[in-house]
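*Asks:* If you scroll down you'll find the structure; I have some questions about it.
The values are calculated or read from the model by the stated rules, or taken from the named source; none is laboratory data. Computed from a predicted model, the values in this text were never measured in an experiment. Cβ placement follows ideal geometry from the backbone for every residue including glycine, while neighbour counts extend to all protein chains displayed.
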Amino acid sequence: MTTANDTDVYYDPYDLTISANPWPIYARLRDEAPIYYNERYDFWALSRYSDVEPALSNWKTFSNSRSDILELIKSDFDMPAGVMMFQDPPMHSMLRGLMARVFTPRRMAEIEDQIRAYCVRCLDPLVGSDGFDIVAELASMMPMRVIGMLLGIPESDQIAYRDKQDANLRTKPGSPMKVSDADAIADGRMFADYVEWRSQNPSDDLMTALLNVEFEDEHGVTRKLARKEVLHYTQVVAGAGNETTGRLIGWLAKVLAEHPEQRRQIVEERTLLDRAVDETLRYEPTGPHVARYILRDFEAYGTTVPAGSAMLLLFGAANRDPARYDNPDTFDIHRDNKAHLTFGKGLHYCLGANLARLEGRVALDELLNRFPEWDIDYDSIQPAPTSTVRGWERLRIVLP
């Protein structure tokens, strides 16, 4: 079995050429270097489904204690305390359990009508046009609107919050994200004034629930969240629901333009909407990888990854592993095995996965209600500059 040390395959998450079409490199990694080391950026990578899937549950080796972002793991900053995505059990279990009490399926279901109404407002004015940029008209706006609905953030403030959040994760194309302040990734400071206002003006929203929930902390003390902790949670919810869901809507538009027969099947049979969303998440994952900090030496394929290393778990490669999926490079909304790793697995499985699926399903449903046929203007498409999420900054739909 060859490894990174004796093969010429090269993988670089910042390389724009690779990012534009990563599938040949992913295939070579799976075949030639299932455990891969990048000397330039000093990280390791796993690409096979059989390795990525168990690693997601093995927190004692593959730790979130320095976040799930490669640049943060490689930075010299201490990670802020009390942030769910920067924790392993038992603290993570406590923090996630608390969030699950307020981020409930009932609360998700209650906003479906609001999500649909927002899609209608965005798409109705576009009927009769020759096309539009789906990112600008819907995908870039809808996720923050939905998070705003959950948190109770006024619409007038939502765009500003979205732009500040995006700025934290944006990178210069072809370069790693510069980490000048690790706390800014998840400290929620941008929401401080709003949280203070909401504490004086409670409502039936997620923010009010966070301010009032009582729990038993790691010291056995029953208490409410401190204001700083509320800010952490708010930032996590806002960040998790923004970039990835927006990119999903863009991928739905592009992939279904390229598979018009399956798009037409969905038009005729709307029970296929959920399958279309999940197959798109498998086929073009919005988050192509997550990072982990190696707590103890890890051995595989005759190679030892030393403790203290950074490891990328390549969802994109695992989601198209032929050892796991039949015809993995084929988009097929009817495939029997529709499971994928795009939302992770195990204790760090994405808390907002069902919300993202809901948004994708409703957006696609309303898009098909008005525009059963479309193509893509490939001359104008523009990828989004981020090292953590893969998608489109500009994606113009062309209507017949």
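*Asks:* Restricting to the stretch 206-235, give me the number of residues that are in contact (Cβ under 8 Å) with a residue 40 or more places away in the chain, loosely packed, with under 15 Cβ neighbours inside 10 Å and in contact with a Leu (Cβ under 8 Å, 6 or more places away or on another chain).
*Replies:* 1
*Asks:* Turning to a different aspect of this structure: Considering only residues of the stretch 1-24 that are of a type outside the set (Ser, Thr, Tyr), outside any helix (DSSP H, G or I) and crowded, with 19+ Cβ neighbours inside 10 Å, which is modelled with the lowest pLDDT?
*Replies:* PRO13
*Asks:* One residue is enough: does the stretch 292-301 have a residue meeting the conditions within 20 Å of the chain's Cα centre (by Cα) and assigned to a strand (DSSP E or B)?
*Replies:* Checked the stretch 292-301: at least one residue is within 20 Å of the chain's Cα centre (by Cα) and assigned to a strand (DSSP E or B).
*Asks:* Residue check: is ALA356 among the hydrophobic types (A, V, I, L, M, F, W, C), within 30 Å of SER50 (Cβ to Cβ) and either assigned to a helix (DSSP H, G or I) or in contact with a Ser or Thr (Cβ under 6 Å, 6 or more places away or on another chain) (or both)?
*Replies:* Answer is yes for this residue.
*Asks:* Quick check on the stretch 376-387. Is at least one of its residues under 30 Å from PRO125 (Cβ atoms) and either aromatic (Phe, Trp, Tyr) or buried (at least 21 other Cβ atoms within 10 Å of the Cβ) (or both)?
*Replies:* yes
*Asks:* Right, next: How about the stretch 208-227: which of its residues are in a helix (DSSP H, G or I) and in contact with a Pro (Cβ under 9 Å, 6 or more places away or on another chain)?
*Replies:* Across the stretch 208-227, the qualifying residues are THR208, LEU211, ASN212.
*Asks:* Conditions: (1) of a type outside the set (Ser, Thr, Tyr); (2) under 19 Å from the mean Cα position of the chain (by Cα); (3) surrounded by fewer than 20 Cβ atoms within 10 Å (Cβ to Cβ); (4) modelled with pLDDT of 95 or more. VAL52 meets all but one. Number of the miss?
*Replies:* It fails just one condition, (3).
*Asks:* Failed condition for GLN200, given (1) surrounded by 14 or more Cβ atoms within 10 Å (Cβ to Cβ); (2) without any contact (Cβ under 8 Å) to a residue 12 or more places away in the chain, with all others met?
*Replies:* So the condition that GLN200 fails would be (1).
*Asks:* Hey, another quick one. Which of the residues belonging to the stretch 30-83 are hydroxyl-bearing (Ser, Thr, Tyr) and farther than 15 Å from GLY344 by Cβ?
*Replies:* TYR36, TYR37, TYR41, SER47, SER50, THR61, SER65, SER75, listed by residue number.
*Asks:* Let me spell it out: the conditions are (1) free of Cβ contacts under 8 Å to residues at least 40 places away in the same chain; (2) among the β-branched types (Val, Ile, Thr); (3) in contact with a strand residue (DSSP E or B) (Cβ under 7 Å, 6 or more places away or on another chain), and THR330 meets all of them except one. Which number is the exception?
*Replies:* Only one criterion is unmet by THR330, namely (3).
*Asks:* Further question on the same structure: Tell me, yes or no, whether the stretch 72-85 has at least one residue that is assigned to a helix (DSSP H, G or I), under 30 Å from LYS224 (Cβ atoms), modelled with pLDDT of 75 or more and not charged (D, E, K, R).
*Replies:* Yes, some residue in the stretch 72-85 is assigned to a helix (DSSP H, G or I), under 30 Å from LYS224 (Cβ atoms), modelled with pLDDT of 75 or more and not charged (D, E, K, R).
*Asks:* Give the residue, chosen from GLY360, GLY308, that is touching a helix residue (DSSP H, G or I) at 6+ places or on another chain (Cβ under 8 Å) and not aromatic (Phe, Trp, Tyr).
*Replies:* So the residue among GLY360, GLY308 that is touching a helix residue (DSSP H, G or I) at 6+ places or on another chain (Cβ under 8 Å) and not aromatic (Phe, Trp, Tyr) is GLY360.
*Asks:* Can you tell which of ALA45, ALA55, ALA27 is of a type in the set (Gly, Ala, Ser) and part of a strand (DSSP E or B)?
*Replies:* ALA45
*Asks:* While we're on this one: Listed residues THR222, THR208; which is of a type in the set (Ser, Thr, Tyr), farther than 18 Å from THR388 by Cβ, touching an Asp or Glu at 6+ places or on another chain (Cβ under 8 Å) and modelled with pLDDT of 80 or more?
*Replies:* THR222
*Asks:* In the stretch 359-400, what residues are of a type in the set (A, V, I, L, M) and farther than 28 Å from GLU269 by Cβ?
*Replies:* Passing the criteria: ILE381, ALA384, VAL389.
*Asks:* Scanning the stretch 236-250 for residues that are at pLDDT below 85 and of a type in the set (S, T, N, Q), which turns out nearest to VAL389 (Cα to Cα)?
*Replies:* THR244
*Asks:* Right, another one. Would you confirm whether any residue within the stretch 134-145 is surrounded by fewer than 13 Cβ atoms within 10 Å (Cβ to Cβ), more than 22 Å from ILE381 (Cα to Cα) and of a type in the set (D, E, K, R)?
*Replies:* No, because not a single residue in the stretch 134-145 is surrounded by fewer than 13 Cβ atoms within 10 Å (Cβ to Cβ), more than 22 Å from ILE381 (Cα to Cα) and of a type in the set (D, E, K, R).
*Asks:* Can you tell me which residue is nearest to GLU112 (Cα to Cα) among those in the stretch 345-367 that are out of contact with any Cys (no Cβ under 7 Å at 6 or more places or on another chain) and of a type in the set (Asp, Glu)?
*Replies:* Top of the filtered list is GLU359.
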